[in-house]
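Let me begin by presenting the structure, written as C-alpha coordinates, before commenting on it.
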Amino acid sequence: DVKVTQSSRYLVKRTGEKVFLECVQDMDHENMFWYRQDPGLGLRLIYFSYDVKMKEKGDIPEGYSVSREKKERFSLILESASTNQTSMYLCASSLGTGYQPQHFGDGTRLSIL
Amino acid sequence: EDQVTQSPEALRLQEGESSSLNCSYTVSGLRGLFWYRQDPGKGPEFLFTLYSAGEEKEKERLKATLTKKESFLHITAPKPEDSATYLCVPRGSQGNLIFGKGTKLSVKP
(Lines give C-alpha, C1' and ligand atoms only; values in the text may rest on other atoms or scores of the structure.)
Protein backbone atom coordinates (compact mmCIF):
# COMPACT_ATOMS: atom_id res chain seq x y z
CA ASP A 1 0.00 0.00 0.00
CA VAL A 2 1.04 3.56 -0.67
CA LYS A 3 2.02 5.42 2.44
CA VAL A 4 2.09 9.21 2.58
CA THR A 5 3.11 10.49 5.98
CA GLN A 6 2.71 14.02 7.21
CA SER A 7 4.90 14.88 10.16
CA SER A 8 2.25 16.52 12.34
CA ARG A 9 -1.51 15.95 12.69
CA TYR A 10 -2.03 19.17 14.61
CA LEU A 11 0.10 22.29 14.77
CA VAL A 12 -0.40 25.66 16.47
CA LYS A 13 1.79 28.60 15.50
CA ARG A 14 1.80 32.35 15.94
CA THR A 15 1.36 35.09 13.36
CA GLY A 16 4.63 35.97 11.67
CA GLU A 17 6.35 32.66 12.41
CA LYS A 18 8.03 30.63 9.67
CA VAL A 19 6.27 27.27 9.53
CA PHE A 20 7.46 24.02 7.97
CA LEU A 21 5.11 21.17 7.05
CA GLU A 22 6.81 17.93 6.09
CA CYS A 23 5.59 15.10 3.89
CA VAL A 24 7.24 11.77 3.08
CA GLN A 25 6.08 9.05 0.68
CA ASP A 26 7.43 5.52 0.51
CA MET A 27 6.42 4.45 -3.01
CA ASP A 28 9.11 6.13 -5.14
CA HIS A 29 6.50 8.42 -6.71
CA GLU A 30 7.74 11.14 -9.02
CA ASN A 31 4.94 13.61 -8.34
CA MET A 32 4.12 15.29 -5.05
CA PHE A 33 1.48 17.89 -4.21
CA TRP A 34 0.37 20.23 -1.44
CA TYR A 35 -3.27 21.22 -1.01
CA ARG A 36 -5.29 23.08 1.54
CA GLN A 37 -8.87 22.21 2.45
CA ASP A 38 -11.27 24.66 4.04
CA PRO A 39 -14.89 24.10 5.13
CA GLY A 40 -17.31 24.54 2.24
CA LEU A 41 -14.52 24.61 -0.33
CA GLY A 42 -12.95 21.85 -2.34
CA LEU A 43 -9.27 21.05 -2.12
CA ARG A 44 -7.12 23.81 -3.57
CA LEU A 45 -3.67 23.17 -5.03
CA ILE A 46 -0.84 25.23 -3.54
CA TYR A 47 2.31 23.79 -5.16
CA PHE A 48 3.42 20.61 -6.86
CA SER A 49 6.62 18.96 -7.97
CA TYR A 50 7.33 16.51 -10.80
CA ASP A 51 10.90 15.77 -9.81
CA VAL A 52 13.59 16.48 -7.27
CA LYS A 53 14.43 20.20 -7.08
CA MET A 54 11.54 21.03 -9.39
CA LYS A 55 8.45 22.95 -8.30
CA GLU A 56 5.42 24.45 -9.96
CA LYS A 57 2.87 26.91 -8.63
CA GLY A 58 -0.66 25.71 -8.19
CA ASP A 59 -3.79 27.80 -7.91
CA ILE A 60 -3.03 29.55 -4.59
CA PRO A 61 0.77 29.80 -4.09
CA GLU A 62 0.85 33.24 -2.45
CA GLY A 63 2.40 33.18 1.00
CA TYR A 64 3.85 29.69 0.52
CA SER A 65 7.01 28.10 -0.81
CA VAL A 66 8.16 24.49 -1.16
CA SER A 67 11.30 22.44 -1.11
CA ARG A 68 12.06 19.05 -2.64
CA GLU A 69 15.64 18.02 -2.01
CA LYS A 70 14.94 14.27 -2.05
CA LYS A 71 12.46 12.31 -4.14
CA GLU A 72 10.50 11.01 -1.16
CA ARG A 73 10.21 14.30 0.75
CA PHE A 74 8.24 17.45 -0.06
CA SER A 75 8.10 20.36 2.36
CA LEU A 76 5.65 23.24 2.48
CA ILE A 77 6.89 26.48 3.99
CA LEU A 78 4.79 29.36 5.25
CA GLU A 79 7.25 32.22 5.10
CA SER A 80 5.41 34.46 7.58
CA ALA A 81 2.30 32.78 8.90
CA SER A 82 -0.96 34.70 8.91
CA THR A 83 -4.35 33.86 10.42
CA ASN A 84 -5.89 33.29 6.97
CA GLN A 85 -3.53 30.36 6.56
CA THR A 86 -5.32 28.46 9.30
CA SER A 87 -6.48 25.35 7.45
CA MET A 88 -6.14 21.61 6.88
CA TYR A 89 -3.09 20.93 4.73
CA LEU A 90 -2.95 17.75 2.68
CA CYS A 91 0.04 16.24 0.93
CA ALA A 92 -0.35 13.78 -1.96
CA SER A 93 1.87 11.78 -4.29
CA SER A 94 1.43 9.90 -7.57
CA LEU A 95 3.36 8.01 -10.20
CA GLY A 96 4.56 10.19 -13.04
CA THR A 97 2.94 8.50 -16.01
CA GLY A 98 -0.52 7.62 -17.21
CA TYR A 99 -3.81 8.12 -15.45
CA GLN A 100 -2.43 7.48 -11.99
CA PRO A 101 -4.40 8.60 -8.94
CA GLN A 102 -2.97 10.77 -6.24
CA HIS A 103 -2.63 9.21 -2.79
CA PHE A 104 -3.10 11.46 0.20
CA GLY A 105 -1.70 11.71 3.68
CA ASP A 106 -3.95 12.24 6.68
CA GLY A 107 -3.36 15.97 6.76
CA THR A 108 -2.00 18.57 9.16
CA ARG A 109 -4.53 20.79 10.87
CA LEU A 110 -2.69 24.08 11.26
CA SER A 111 -3.91 26.91 13.47
CA ILE A 112 -2.30 30.33 13.31
CA LEU A 113 -3.01 32.48 16.34
CA GLU B 1 -13.66 26.64 -17.18
CA ASP B 2 -13.39 23.09 -15.87
CA GLN B 3 -15.83 22.35 -13.11
CA VAL B 4 -17.53 19.57 -11.20
CA THR B 5 -20.82 19.52 -9.29
CA GLN B 6 -21.84 16.76 -6.92
CA SER B 7 -25.37 16.13 -5.75
CA PRO B 8 -26.88 15.89 -3.30
CA GLU B 9 -24.62 17.80 -0.93
CA ALA B 10 -25.74 15.53 1.90
CA LEU B 11 -27.56 12.20 1.88
CA ARG B 12 -28.98 10.32 4.84
CA LEU B 13 -29.82 6.66 4.36
CA GLN B 14 -31.01 3.85 6.54
CA GLU B 15 -28.79 0.80 6.69
CA GLY B 16 -29.61 -1.37 3.68
CA GLU B 17 -31.24 1.46 1.70
CA SER B 18 -29.50 1.59 -1.69
CA SER B 19 -28.96 4.90 -3.50
CA SER B 20 -26.75 6.78 -5.94
CA LEU B 21 -24.52 9.83 -5.75
CA ASN B 22 -24.34 12.05 -8.81
CA CYS B 23 -21.36 13.87 -10.28
CA SER B 24 -21.76 16.26 -13.24
CA TYR B 25 -18.62 17.60 -14.83
CA THR B 26 -17.53 19.99 -17.55
CA VAL B 27 -13.92 19.26 -18.39
CA SER B 28 -12.14 19.78 -21.67
CA GLY B 29 -9.82 16.94 -22.52
CA LEU B 30 -10.83 14.65 -19.66
CA ARG B 31 -7.94 12.41 -18.63
CA GLY B 32 -9.68 10.10 -16.25
CA LEU B 33 -12.02 10.53 -13.29
CA PHE B 34 -11.33 9.43 -9.73
CA TRP B 35 -13.59 8.67 -6.79
CA TYR B 36 -12.31 9.17 -3.27
CA ARG B 37 -13.76 8.64 0.17
CA GLN B 38 -12.88 11.06 2.97
CA ASP B 39 -13.52 10.42 6.65
CA PRO B 40 -13.66 13.38 9.08
CA GLY B 41 -10.20 14.67 9.97
CA LYS B 42 -8.44 12.42 7.46
CA GLY B 43 -7.13 12.67 3.93
CA PRO B 44 -9.05 11.38 0.90
CA GLU B 45 -8.76 7.65 0.31
CA PHE B 46 -8.60 6.49 -3.30
CA LEU B 47 -11.46 4.23 -4.46
CA PHE B 48 -11.67 4.06 -8.27
CA THR B 49 -10.28 5.34 -11.55
CA LEU B 50 -12.60 5.54 -14.56
CA TYR B 51 -10.92 6.14 -17.90
CA SER B 52 -13.65 6.42 -20.52
CA ALA B 53 -17.40 6.64 -21.00
CA GLY B 54 -19.15 3.33 -20.43
CA GLU B 55 -16.63 2.05 -17.95
CA GLU B 56 -17.71 0.61 -14.59
CA LYS B 57 -15.72 -0.32 -11.49
CA GLU B 58 -16.88 -2.16 -8.36
CA LYS B 59 -15.59 -2.56 -4.84
CA GLU B 60 -17.68 -4.26 -2.18
CA ARG B 61 -20.95 -2.28 -1.95
CA LEU B 62 -19.78 0.49 -4.28
CA LYS B 63 -20.06 0.70 -8.05
CA ALA B 64 -18.87 3.67 -10.09
CA THR B 65 -19.97 4.42 -13.64
CA LEU B 66 -18.97 7.05 -16.17
CA THR B 67 -20.71 8.81 -19.07
CA LYS B 68 -19.45 11.73 -21.16
CA LYS B 69 -20.97 14.28 -18.78
CA GLU B 70 -21.62 12.44 -15.52
CA SER B 71 -20.39 9.83 -13.12
CA PHE B 72 -22.44 7.93 -10.58
CA LEU B 73 -21.49 6.14 -7.41
CA HIS B 74 -24.05 3.48 -6.59
CA ILE B 75 -24.17 2.20 -3.03
CA THR B 76 -25.92 -1.11 -2.55
CA ALA B 77 -27.22 -2.05 0.91
CA PRO B 78 -25.01 0.47 2.71
CA LYS B 79 -23.72 -0.04 6.23
CA PRO B 80 -22.92 2.61 8.87
CA GLU B 81 -19.22 2.25 8.11
CA ASP B 82 -19.91 3.60 4.60
CA SER B 83 -20.63 6.99 6.17
CA ALA B 84 -18.11 9.49 4.76
CA THR B 85 -17.78 12.29 2.26
CA TYR B 86 -17.39 11.00 -1.30
CA LEU B 87 -15.40 13.07 -3.77
CA CYS B 88 -15.72 12.85 -7.53
CA VAL B 89 -12.52 14.23 -9.07
CA PRO B 90 -12.12 14.64 -12.83
CA ARG B 91 -8.65 15.13 -14.23
CA GLY B 92 -8.19 17.90 -16.80
CA SER B 93 -6.10 18.01 -19.93
CA GLN B 94 -3.14 19.53 -18.05
CA GLY B 95 -3.20 16.72 -15.52
CA ASN B 96 -4.83 18.93 -12.90
CA LEU B 97 -7.45 17.49 -10.54
CA ILE B 98 -10.77 19.34 -10.28
CA PHE B 99 -12.27 19.11 -6.80
CA GLY B 100 -15.85 19.86 -5.85
CA LYS B 101 -17.43 19.90 -2.42
CA GLY B 102 -18.36 16.23 -2.35
CA THR B 103 -21.41 14.41 -1.04
CA LYS B 104 -21.62 13.74 2.68
CA LEU B 105 -23.21 10.35 3.21
CA SER B 106 -24.66 9.29 6.56
CA VAL B 107 -25.92 5.74 7.04
CA LYS B 108 -27.99 5.13 10.13
CA PRO B 109 -28.32 1.66 11.71
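The values are calculated or read from the model by the stated rules, or taken from the named source; none is laboratory data. On a predicted model such as this, the values are computed, not experimentally measured, just so you know. In this analysis, Cβ positions are derived from the backbone assuming ideal geometry, glycine residues included, and neighbour counts consider all displayed protein chains. Just so you know, the surface numbers come from the protein's heavy atoms only, side chains and all, with ligands and any DNA or RNA stripped out. Shrake-Rupley method; radii C 1.70, N 1.55, O 1.52, S 1.80 Å.
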Open to solvent by 20 Å² or more (accessible area, probe 1.4 Å), farther than 26 Å from B:Lys104 by Cβ and in contact with a helix residue (DSSP H, G or I) (Cβ under 9 Å, 6 or more places away or on another chain), is that true of A:Leu78? no
Could you say whether any residue in the range A:57-65 is over 10 Å from the mean Cα position of the chain (by Cα) and at the interface with chain B (Cβ under 9 Å from one of its Cβ atoms)? yes
Could you tell me whether B:Thr76 is in contact with a Leu (Cβ under 9 Å, 6 or more places away or on another chain), open to solvent by 50 Å² or more (accessible area, probe 1.4 Å) and either closer than 17 Å to A:Leu43 by Cβ or not charged (D, E, K, R) (or both)? yes
Which members of the range B:20-61 meet the condition of being among the hydroxyl-bearing types (Ser, Thr, Tyr), more than 13 Å from A:His103 (Cβ to Cβ) and free of Cβ contacts under 8 Å to residues at least 40 places away in the same chain? B:Tyr51, B:Ser52
Of the conditions (1) within 15 Å of the chain's Cα centre (by Cα); (2) closer than 30 Å to A:Tyr89 by Cβ, B:Pro40 clears all except one; give me its number. (1)
Strands (runs of 3 or more DSSP E) within the range B:1-54 that include 2 or more residues facing chain A (nearest Cβ under 10 Å): B:3-7, B:33-38, B:45-50
Considering A:Leu41, A:Leu110, A:Leu45, which residue is touching a residue at least 60 places away in the same chain (Cβ under 8 Å) and either open to solvent by 20 Å² or more (accessible area, probe 1.4 Å) or over 20 Å from B:Leu33 (Cα atoms) (or both)? A:Leu110
Given the condition touching a Leu at 6+ places or on another chain (Cβ under 9 Å) and farther than 25 Å from A:Leu45 by Cα, answer yes or no: does some residue in the range B:80-98 qualify? yes
I'd like the full set of residues that are closer than 14 Å to B:Pro44 by Cα and away from every other protein chain (no Cβ under 12 Å), limited to the range B:83-102. B:Ser83, B:Ala84, B:Tyr86
Select, from A:Thr5, A:Thr83, the only residue that is open to solvent by 20 Å² or more (accessible area, probe 1.4 Å), among the hydroxyl-bearing types (Ser, Thr, Tyr) and either within 29 Å of B:Trp35 (Cβ to Cβ) or under 13 Å from the mean Cα position of the chain (by Cα) (or both). A:Thr5
Within the range B:7-24, is there a residue that is open to solvent by 70 Å² or more (accessible area, probe 1.4 Å) and at pLDDT below 95? no
Among the residues of the range A:68-83, count how many are touching a residue at least 24 places away in the same chain (Cβ under 8 Å) and either within 13 Å of chain B (Cβ to nearest Cβ) or of a type outside the set (Ser, Thr, Tyr) (or both). 10
Number of the condition not met by B:Ser93 [criteria: (1) out of contact with any Phe, Trp or Tyr (no Cβ under 9 Å at 6 or more places or on another chain); (2) of a type outside the set (Asp, Glu); (3) part of a strand (DSSP E or B); (4) surrounded by fewer than 21 Cβ atoms within 10 Å (Cβ to Cβ)]: (3)
Keeping to the range B:23-58, report how many residues are over 12 Å from B:Cys88 (Cα atoms) and of a type outside the set (D, E, K, R). 12
